[in-house]
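Here is the structure we will look at, set down as C-alpha cells.
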Amino acid sequence: MSLNYIWSGFFLVGFAAALAQWLLLGDTEIFKKIIDGTFETAKVGVMDIALPLAGVMTLWLGIMNIGEKAGAVGWLAKIISPFFSRIFPEVPKDHPATGHMVMNFSANLLGLDNAATPFGLKAMESLQTLNPNKDEASNAQIMFLVLHTSGLTLIPLAIMAQRSILGAADPSDVFIPCLIATYVATVAGIIAVSIRQRINLFDSVVLSWLGGMTAAIGGMVYYFTNYLSRTEIEVVSKVVSNLILIMIIAVFIIGALRKKVNVYEAFIEGAKGGIQTSLTVIPYLVGMLVAISVIRNAGVFTLITDAFAWLFNAMGLRTDFVPSLPVALMKPFSGSGSRAMMIDAMKTYGPDSFVGRLACVFQGSADTTFYIVALYFGSVGIRKTRYAISCGMIADFAGILAAIGVAYLFFG
C-alpha cells in the first residue's frame, strides 16, 4: 500500500502546490506546465526508456542464457553463496538467482548501467520463482532491491566525463567522495533491511565479506590516489570497465562451446524475453515517471530547498550546500532529472565550485529508488512493496549525509 499512497501523494501535492501558485502568485501558466510535462514524460517513458530498454534487454538476456548454459552463472553463485546465504536466507544455496544478482552488482560496480539493468531484471525474475506470494515483495527481493538502489559504484565514469565536458580542472576529483558516499549508502541499506528481517550481521561470514569489501575499496582508493594521475584514473576506469564487459561475453561463449552448446540458439532462446519484459514494465514506468514530473513541474522541489535554506539560516548553520540539494532530492525519483540538475549546478556555479562538486557527489551517492521500484517490481507484477521503499530511502538519506560530509572534508 505504501506505493499507492506515495503515487497518489505525488499528484495531490503537485496539484496543491500548483493551486497555491495560481491563487497566491497569479501564475496562470502553472497548470499548462504540469500537463505539458505529463505528456512529455509519458512519451519519454515509452520512447526513450522502455523501447531502448527492449533492445538492451534482448541482447543481454540472450548473453545471460548462454552464461547459464555454460555453467558460468552457477559458478558465480557457488563462490558468493556463503555470504548471500546469510543476507538472502530464503534463497537456496547455488540457486541461479544468486549468480544473476552477482552479475547485476558487478555491472553496477563498474558503472555499466546498460548491462546492469537486464541482469537486475533477470535476478528479480529468478527471485520471483521463489516468492510464495506473487503480488507481494519477498524478503529476498526487498534486500536485492535496496542493495541495488544504494547504487554502489566504484568509478563514476559518466559523472567524470560530464565534468570534463564542462571544463573542470580536475574532472576525477569527485571519484573518492562519490565512492565513500555510495558505500555508506550501501552499508546503511544492508543494515536497515537486516534489522527488519532479523538477519545477524555479526555472523563471522558476513563480517569477513563486508570487511573484505571495505579493505578492497580502501586499497583501490589508496592505489589510485598514490600511484595514478587523474588522467590515468579516467583511462583505467574506461578500459577496465568495458574490458570486463566484453570478457564476460567471451567467457560465456567459450564456456558454452566447450559444453557443446548451440550458442546462437541459446542466445535466441534467452533474447526472446527481452521485448516482453520491456512491454510489461511500461505501465509501471510511465505511471511513476508522470507522477514525478507533476511534483517537479509544480515547483515542489524548489519549495523544499527554499524551506531548507530558511531552516538552516534560522539555526545558524552553513547553507552553502543548499543550492546543490535539488540533485539529491531528484535522484531517488529520476536519474535523468538529477543528471540535468547536476549539469545545471555546474554550469551555474562552475564545475570546480563547492556546489558543482557536491552536486556530482550527490549524483554518485545513490541510485533512483522509485524508478527502480517501478521497473523491477513492475517487471514481475509485484504491487505490494512492503518496506522496500522506506529502507531504500534510508540508504538514500545516508548517502546524502555522507555526500555532504565528504564534500566539506575534500572541498569545503
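The values are calculated or read from the model by the stated rules, or taken from the named source; none is laboratory data. None of these values were measured; they are calculated from a predicted model. Heads up, the Cβs are rebuilt from the backbone with ideal geometry, glycines too, and the neighbour counts pull from every protein chain shown. Surface accessibility is based on the protein's heavy atoms, side chains included, excluding ligands, DNA and RNA. Shrake-Rupley method; radii C 1.70, N 1.55, O 1.52, S 1.80 Å.
When the alpha carbon gyration tensor of the range 198-239 is reduced to an equivalent ellipsoid, the three semi-axes, largest first, read 32, 10, 6 Å.
Could you tell me the relative contact order of the range 97-244? Use alpha-carbon pairs under 8 Å, at least six residues apart, and round to a whole percent.
So the answer I get is 23 percent.
Counting only protein chain heavy atoms and rolling a 1.4 Å probe, the accessible areas of Glu269, Glu232 rank, largest first, as Glu269, Glu232. Taken over the range 215-357, the ratio of Cα radius of gyration to 2.2 N^0.38 Å equals 1.58. Springs between Cα atoms under 10 Å define the GNM used for the chain, and in it the highest mean-square fluctuation of Phe397, Phe15, Phe84 occurs at Phe15.
Protection proxy ranking for 185-193, 365-373, using the average of other Cβ atoms within 10 Å per residue and placing the highest first: 365-373, 185-193.
Report the net charge of residues surrounding Tyr376, where surrounding means a beta-carbon distance below 12 angstrom and charges are Lys +1, Arg +1, Asp -1, Glu -1. Net charge around Tyr376: -1.
Extension gain for the segment Ile195 to Phe15, taken as residue separation times 0.36 nm less the Cα-Cα distance, is 61.1 nm to one decimal.
Using the Kirkwood formula over every pair of different C-alpha atoms, what hydrodynamic radius in Å results for the range 326-412? Value: 13.6 Å, from the Cα pair sum. Local charge for Asn4 was computed over the other residues whose Cβ lies under 11 Å away, with Lys and Arg +1 and Asp and Glu -1, and equals +2.
Relative to the longest principal axis of the Cα atoms of the chain, the long axis of helix 335-349 makes an angle of roughly 50 degrees.
Projected label points at Lys260 and Lys384, each 7 Å from Cα along the beta carbon direction, are separated by 4.8 nanometres. If you build a Gaussian network model of the chain, linking Cα atoms that sit under 10 Å apart, which residue out of Leu23, Leu245, Leu401 swings the most? Of the options given, Leu23 has the highest mean-square fluctuation. Note on Leu23/Phe308: beta-carbon distance plugged into 1/(1 + (r/R0)^6) with R0 of 25 Å gives a FRET efficiency of 0.55.
Taking Arg383, Arg258, Arg339 in turn, the Gaussian network model of the chain (Cα-Cα springs below 10 Å) assigns the largest fluctuation to Arg258.
Take the Cβ atoms of Leu130 and Asn242, set R0 to 41 Å, and the FRET efficiency comes out at 0.80. Taking the centroid of alpha carbons for each part, the range 132-164 and the range 176-254 are 13 Å apart.
Taking Lys and Arg as +1 and Asp and Glu as -1, the other residues whose beta-carbon sits under 13 Å from that of Gly399 total -1.
Across the chain, Cα-Cα pairs more than 27 Å apart make up 53 percent of the total. Here the chain has 66 percent of its accessible surface on carbon and sulfur atoms, given a 1.4 Å probe and all protein chains in place. Among Lys93/Lys122; Lys43/Lys331; Lys43/Lys272; Lys78/Lys122; Lys78/Lys272, which pairs are too far apart, with a Cα-Cα distance over 22 Å? As for pairs spanning more than 22 Å Cα to Cα, those are Lys43/Lys272; Lys78/Lys272. Mean sequence separation of contacting Cα pairs (under 8 Å, at least six apart), scaled by the length of the chain, corresponds to a relative contact order of 30 percent.
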